[in-house]
Ligand code: AMP
């Protein structure tokens, strides 16, 4: 679809050619998926190499330097644990200190030379960061998407848990970059899940609980969603509770019941692994059947749904305690939750659904495949970013500040960066010249103090201001960013109601790199910007004082000649300082003028009152 848009680089109107596809990625602890919108519906992408749509987030490094990701890598965990890396997500953005107390012992070597530094994984003589490791999973997903869509993919939205901190989010973004993906947005997993269920349409308000029970982790998030803004009210969870624990419960039950020994000779090297796989198969089978029966080394073993439920009930109880804590943190009662969304493979277990719906006293939303729901939501977010959805709002914050140019080329920020959208903010301005009838309004985006260092988004003129003395017009400038990320700027002269409005598309046309550069630039130039800003502000203030002095002299012709002369002299000094003085010299010239004129102003006030009262009787 061709689209007309404003080029934010030069303000020109241009026709965009077909945009490249943006995919949605769920980069999971156990499995990852990539999704895309096809005919308005999100679908999970797969290729011939992958047996399933789920790509196990597992990376194997062969002896000869080959890298294998996904199903094939999973098969190598038992034989070659030291070269097969799983659960990388647990390491993202973490230092050795962060993970040193974790309960998990990985089959591979986690290394840290300095306890404050981010962890690395050792394979042969190589040290790999979780970012590099995750990038292999992302590259695999990118390949799947490219093969499936027959086009190059270089843009993605990636989901992360709501509790991920900045470092973890940045690490995820970097992993994307390393995989050759421009990560347009990092989205919270519960937000994506809610989006997949169509929550977040315009003009709606809802409180949603997202219950996410995967293979190794449990998260509960409570979201407040209003007019497309997703706010995480609270999140709780257990980073070591999930389907794997259910498998272990079954294993332990069988070991006891059938008096199995994990190191028994008969089973050979893979006995423990076989038992674990059988336990997982039993668990999955019992999600839709009442009894599981199998043979293990010629022994008949079985498990009923009831027995399974008894085994896992205490674990589900633990998740409900987290749900209660989450409600407490959000200061909400259960009955305030409008919908409960189920995410993660383990929510297929009937007892999980039953206990969660009893806890929240309502039916849970489980119609979308719980393994896919996050990736599908990410694809919807990608579609919103691609500008293909008008029924949904753009869920976003402003990445850079927005403002207008004021006298001296200064940037006057009206909407600061990181404001939630939709948003609205305004400020009043006035004219600087007597009788000014037009006012040019130039809109900029960026963090620097001077508009010349920021990006110009557009310019328009408020025409037809009735002629008034400088400073008299009251010009109200409103910035309105709607849910689609479209900025409208409205200027109104309040005394006369003369108004004009323009629409500026503000979210696109600026790459992450440009954004990062601009932010970096603003940090590096803080001091020089501040100095320059202070000088310009002093010059502007000085100009105002000169204007007022002129007006004062015009209006008070009764002043004594010496007074007038002295005022004129101080004014000339100020004017020359404005032209070539420093900020301090301007300020001191202003101070001198103000100190001398203050008693004259009081005298003028008395004089005016006396003339006003002349001829009138005081009662
Ligand atoms: P996730 O981390 O969301 O990919 O979830 C994976 C977990 O879901 C694993 O522990 C799986 O064993 C579990 N799982 C997948 N399908 C089922 C099912 N039908 N019944 C119970 N658990 C399942």
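Output yes when any residue across segment 83-101 is in a loop (DSSP other than H, G, I, E, B), at pLDDT 90 or above and in contact with a strand residue (DSSP E or B) (Cβ under 7 Å, 6 or more places away or on another chain), and no when none is.
no
Filter segment 415-436 for residues that are surrounded by 15 or more Cβ atoms within 10 Å (Cβ to Cβ) and more than 16 Å from residue 474 (Cβ to Cβ); which is modelled with the lowest pLDDT?
Step by step, filter segment 415-436, then rank; the result is 421.
Select from segment 227-240 the residues that are assigned to a loop (DSSP other than H, G, I, E, B), within 16 Å of the ligand (Cβ to nearest atom) and either more than 30 Å from residue 282 (Cα to Cα) or touching a helix residue (DSSP H, G or I) at 6+ places or on another chain (Cβ under 8 Å) (or both) and list them in ascending order.
Our first condition is that a residue be assigned to a loop (DSSP other than H, G, I, E, B); within segment 227-240, this holds for 227-228, 239-240.
Narrowing the set further to residues that are within 16 Å of the ligand (Cβ to nearest atom) leaves 239-240.
Across segment 227-240, the qualifying residue is only 239.
Residue-by-condition table, conditions (1) over 21 Å from residue 433 (Cβ atoms); (2) outside the structural domain of residue 434 (by TED's automatic domain parsing); (3) surrounded by 12 or more Cβ atoms within 10 Å (Cβ to Cβ); (4) touching a helix residue (DSSP H, G or I) at 6+ places or on another chain (Cβ under 9 Å):
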{"residue": "547", "(1), (2), (3), (4)": "no, yes, yes, no"}
{"residue": "552", "(1), (2), (3), (4)": "no, yes, yes, yes"}
{"residue": "560", "(1), (2), (3), (4)": "yes, yes, no, no"}
{"residue": "564", "(1), (2), (3), (4)": "yes, yes, yes, yes"}
{"residue": "567", "(1), (2), (3), (4)": "yes, yes, yes, yes"}
{"residue": "574", "(1), (2), (3), (4)": "no, yes, yes, yes"}
{"residue": "587", "(1), (2), (3), (4)": "yes, yes, yes, yes"}
{"residue": "600", "(1), (2), (3), (4)": "yes, yes, yes, yes"}
{"residue": "605", "(1), (2), (3), (4)": "yes, yes, no, no"}
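Counting only residues that are assigned to a helix (DSSP H, G or I) and out of contact with any strand residue (DSSP E or B) (no Cβ under 6 Å at 6 or more places or on another chain), which one in segment 145-159 is farthest from residue 121 (Cα to Cα)?
Initial filter on segment 145-159 (assigned to a helix (DSSP H, G or I)): 145-149.
Adding the requirement that they be out of contact with any strand residue (DSSP E or B) (no Cβ under 6 Å at 6 or more places or on another chain) leaves 146-149.
Details: 146: 29, 147: 30, 148: 32, 149: 33 Å.
The qualifying residue farthest from residue 121 (Cα to Cα) is 149.
Does segment 241-256 contain any residue that is more than 16 Å from the ligand (Cβ to nearest atom), part of a strand (DSSP E or B) and either touching a residue at least 24 places away in the same chain (Cβ under 8 Å) or surrounded by 18 or more Cβ atoms within 10 Å (Cβ to Cβ) (or both)?
no
Select from segment 281-306 the residues that are loosely packed, with under 12 Cβ neighbours inside 10 Å and within 13 Å of the ligand (Cβ to nearest atom) and list them in ascending order.
288
For segment 556-574, give me the residue count where each residue is in contact (Cβ under 8 Å) with a residue 12 or more places away in the chain and part of a helix (DSSP H, G or I). Write out each step before concluding.
First pass over segment 556-574, keeping only residues in contact (Cβ under 8 Å) with a residue 12 or more places away in the chain: 556, 558-559, 563, 566-568, 570-571, 573-574.
Checking which are part of a helix (DSSP H, G or I) leaves us with 563, 566-568, 570-571, 573-574.
The total comes to 8.
Need a quick list: strands (runs of 3 or more DSSP E) entirely within segment 9-48 having at least 3 residues that are at pLDDT below 85.
Values: elements: 13-16, 22-27, 31-38, 41-44.
The qualifying strands (runs of 3 or more DSSP E) are 13-16.
Taking the stated definitions as given, is residue 439 buried (at least 18 other Cβ atoms within 10 Å of the Cβ) and more than 22 Å from residue 541 (Cβ to Cβ)? Write out each step before concluding.
Numbers: buried (at least 18 other Cβ atoms within 10 Å of the Cβ): yes; more than 22 Å from residue 541 (Cβ to Cβ): no.
So residue 439 does not fit the description; no.
Being within 16 Å of the ligand (Cβ to nearest atom) and either closer than 14 Å to residue 222 by Cβ or surrounded by fewer than 21 Cβ atoms within 10 Å (Cβ to Cβ) (or both) is the filter here; which residues of segment 346-363 pass it?
Within segment 346-363, the first condition is being within 16 Å of the ligand (Cβ to nearest atom), and the residues that meet it are 346-356.
Correct list: 348, 350, 351, 353, 354, 355, 356.
Using beta carbons and a limit of 6 Å, which pairs, at least six apart or on different chains, have the first residue in segment 462-476 and in a strand (DSSP E or B) and the second one exposed (fewer than 15 other Cβ atoms within 10 Å of the Cβ)?
Pairs that qualify, where the first residue is in a strand (DSSP E or B) and the partner is exposed (fewer than 15 other Cβ atoms within 10 Å of the Cβ), are 476/428; 476/494.
On the basis of being in the same structural domain as residue 189 (by TED's automatic domain parsing), part of a helix (DSSP H, G or I) and away from the ligand (no atom under 16 Å from the Cβ), does residue 375 make the cut? Steps first, please.
Values: in the same structural domain as residue 189 (by TED's automatic domain parsing): yes; part of a helix (DSSP H, G or I): yes; away from the ligand (no atom under 16 Å from the Cβ): no.
No: the conditions fail for residue 375.
Provide a single number: the residues in segment 49-75 that are part of a helix (DSSP H, G or I), more than 16 Å from the ligand (Cβ to nearest atom) and surrounded by 24 or more Cβ atoms within 10 Å (Cβ to Cβ). Break it down into steps so the answer makes sense when it comes.
To start, the set of residues in segment 49-75 that are part of a helix (DSSP H, G or I) comprises 71-74.
Cutting the leftovers down to more than 16 Å from the ligand (Cβ to nearest atom) gives us 72.
Filter again for surrounded by 24 or more Cβ atoms within 10 Å (Cβ to Cβ), leaving none.
The qualifying residues number 0.
So which of 277, 262 ends up being within 16 Å of the ligand (Cβ to nearest atom), surrounded by fewer than 19 Cβ atoms within 10 Å (Cβ to Cβ) and free of Cβ contacts under 8 Å to residues at least 60 places away in the same chain? Even if it seems obvious, please write down each step before you answer.
Working: 262 fails: within 16 Å of the ligand (Cβ to nearest atom).
Exactly one of 277, 262 is within 16 Å of the ligand (Cβ to nearest atom), surrounded by fewer than 19 Cβ atoms within 10 Å (Cβ to Cβ) and free of Cβ contacts under 8 Å to residues at least 60 places away in the same chain, namely 277.
Residues checked against (1) within 16 Å of the ligand (Cβ to nearest atom); (2) over 21 Å from residue 383 (Cα atoms):
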| position | (1), (2) |
| --- | --- |
| 180 | no, no |
| 183 | no, no |
| 197 | no, no |
| 206 | no, yes |
| 221 | yes, yes |
| 225 | no, no |
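Inside segment 406-422, can you point out the residues that are in a strand (DSSP E or B) and over 22 Å from residue 493 (Cα atoms)? If you could, list the steps in order and put the result at the bottom.
Initial filter on segment 406-422 (in a strand (DSSP E or B)): 406, 410-415, 420-421.
Of everything in segment 406-422, those that are in a strand (DSSP E or B) and over 22 Å from residue 493 (Cα atoms) turn out to be 420, 421.
Pull up segment 208-219, narrow it to residues that are within 14 Å of the ligand (Cβ to nearest atom) and in a strand (DSSP E or B), then point me to the one that is nearest to residue 163 (Cα to Cα).
Step one: list which residues in segment 208-219 are within 14 Å of the ligand (Cβ to nearest atom), which gives 210-219.
Now narrow it down to the ones that are in a strand (DSSP E or B): 210-213, 218-219.
Numbers: 210: 13, 211: 14, 212: 13, 213: 15, 218: 12, 219: 9 Å.
It comes out as 219.
The values are calculated or read from the model by the stated rules, or taken from the named source; none is laboratory data. This structure is a prediction, so every number in the text was calculated from the model and none was measured. In this analysis, Cβ positions are derived from the backbone assuming ideal geometry, glycine residues included, and neighbour counts consider all displayed protein chains.
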